[in-house]
Amino acid sequence: MTQRWPTILWLVRHGQSAGNVARDAAHAEGHERIALAGRDVDIPLSPLGQEQAEALGRWFAASPTGERPEVLLVSPYVRAEATAEHFRAAGGTTDADVPLCMDERLREKEFGILDGLTTLGVEKQEPQQAEFRRMLGKFYHRPPGGESWADVILRLRSLMDTVSLHYAGRPVMIVAHQVVVLCLRYIIENMSEQTILAIDAEGDVANCSVTKYRFDPAAGRYGNLVLARYNVTAPMDEEHTAVTAAPDQPVAARG
């Protein structure tokens, strides 16, 4: 039977962004809103985030060709695109001409009216939404103008259909966001809400960490992607580059 999946699928969260830095500062100073101007989509990498992406690229560059991606699927957000660019420039792909395939289905979870608020800000400015989220849980709570995890999963199911159709039998890397990594795990491993939320509760997905699946023809009836590693920060550890794992949004508001 024809193989339906990539030989290897890597999921990578973008490097540390200026938004992660601003969020930490806002929480430390007790502010209700994160000090950022402009759209979330335009937030760039921090200098450390650039170093993380380059360390990741050099780590992959030391691997055999078959263990490096020849397809890069990337969120259109600036921080994800820049991560992929630095990764590719550092030799992480099979060759320097591998294109960045931008796909809006990989975008960050949309936070709607909660966008830019700290945990305190959500409680103070949107107490009704804070209560709805406590009642419904992050998996199903959809703030006005935003998305729930279930909404993100719906668009990612379509993305995985595209991966299966166009990239079967090839090594593929997805560069996106924390919630995207978690929701793809939910889809690929056929998890329950409780299982994926328990994984999320164990800790944030680190910036530029690697989650790796390898195709196993013996898995299931027709073969499947099998988890080989999750949230691995070896590239940064080997180069003594700082590892960061701040959420993209406050716990009360983020996906």
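The values are calculated or read from the model by the stated rules, or taken from the named source; none is laboratory data. This is a predicted model, so every value here is computed, not measured. All Cβ positions, glycine included, derive from the backbone under ideal geometry; neighbour counts span all protein chains shown. All accessible areas refer to the heavy atoms of the entire protein, side chains included, with ligands and DNA or RNA removed. Shrake-Rupley method; radii C 1.70, N 1.55, O 1.52, S 1.80 Å.
Figures for the structure shown
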| item | result |
| --- | --- |
| Complete set of residues in segment 225-239 that are over 10 Å from Y213 (Cβ atoms) and either surrounded by 19 or more Cβ atoms within 10 Å (Cβ to Cβ) or without any contact (Cβ under 8 Å) to a residue 60 or more places away in the chain (or both) | N231, V232, T233, P235, M236, D237 |
| Residues being under 15 Å from the mean Cα position of the chain (by Cα), over 14 Å from M236 (Cα atoms) and either open to solvent by 20 Å² or more (accessible area, probe 1.4 Å) or of a type in the set (A, V, I, L, M, F, W, C) (or both) - total across segment 45-84 | 11 |
| Every residue from segment 17-39 that is in a helix (DSSP H, G or I) and in contact with a strand residue (DSSP E or B) (Cβ under 8 Å, 6 or more places away or on another chain) | A18, A26 |
| Selection count, segment 133-151, where residues are surrounded by 16 or more Cβ atoms within 10 Å (Cβ to Cβ) and either within 21 Å of the chain's Cα centre (by Cα) or hydrophobic (A, V, I, L, M, F, W, C) (or both) | 10 |
| Answer from I153, I113 - the residue that is modelled with pLDDT of 95 or more and either of a type in the set (V, I, T) or part of a strand (DSSP E or B) (or both) | I153 |
| Contacts under 7 angstrom Cβ, first residue in segment 170-194 being under 21 Å from I43 (Cβ atoms), partner at pLDDT below 95, 6 or more apart | H177/D248; Q178/D204; Q178/P247; Q178/D248; V179/G255 |
| Qualifying residue in segment 134-148 (condition: touching a Phe, Trp or Tyr at 6+ places or on another chain (Cβ under 9 Å) and of a type in the set (A, V, I, L, M, F, W, C)) | yes |
| Any pair with Cβ under 7 angstrom, 6 or more apart, that starts in segment 146-164 at a residue that is closer than 13 Å to L73 by Cβ and ends at one that is modelled with pLDDT of 95 or more and not in a helix (DSSP H, G or I) | L159/D103; V163/P6; V163/V172; S164/W5 |
| Hits in segment 130-139 - residues which are at negative phi and touching a residue at least 24 places away in the same chain (Cβ under 8 Å) | A130, R133, K138, F139 |
| Among (1) closer than 20 Å to V179 by Cα; (2) touching a helix residue (DSSP H, G or I) at 6+ places or on another chain (Cβ under 7 Å); (3) in a helix (DSSP H, G or I) - the single one E54 does not satisfy | (1) |
| Residue in segment 29-46 that is in contact with a helix residue (DSSP H, G or I) (Cβ under 6 Å, 6 or more places away or on another chain) and without any contact (Cβ under 8 Å) to a residue 24 or more places away in the chain present | yes |
| Residue tally, condition modelled with pLDDT of 95 or more and either touching a Gly at 6+ places or on another chain (Cβ under 7 Å) or among the acidic types (D, E) (or both), over segment 132-147 | 5 |
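Here's the yes/no breakdown for (1) out of contact with any Leu (no Cβ under 8 Å at 6 or more places or on another chain); (2) more than 23 Å from L36 (Cα to Cα); (3) open to solvent by 30 Å² or more (accessible area, probe 1.4 Å):
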| residue | (1), (2), (3) |
| --- | --- |
| L184 | no, yes, no |
| Q194 | yes, yes, yes |
| V210 | no, yes, no |
| A245 | yes, no, yes |
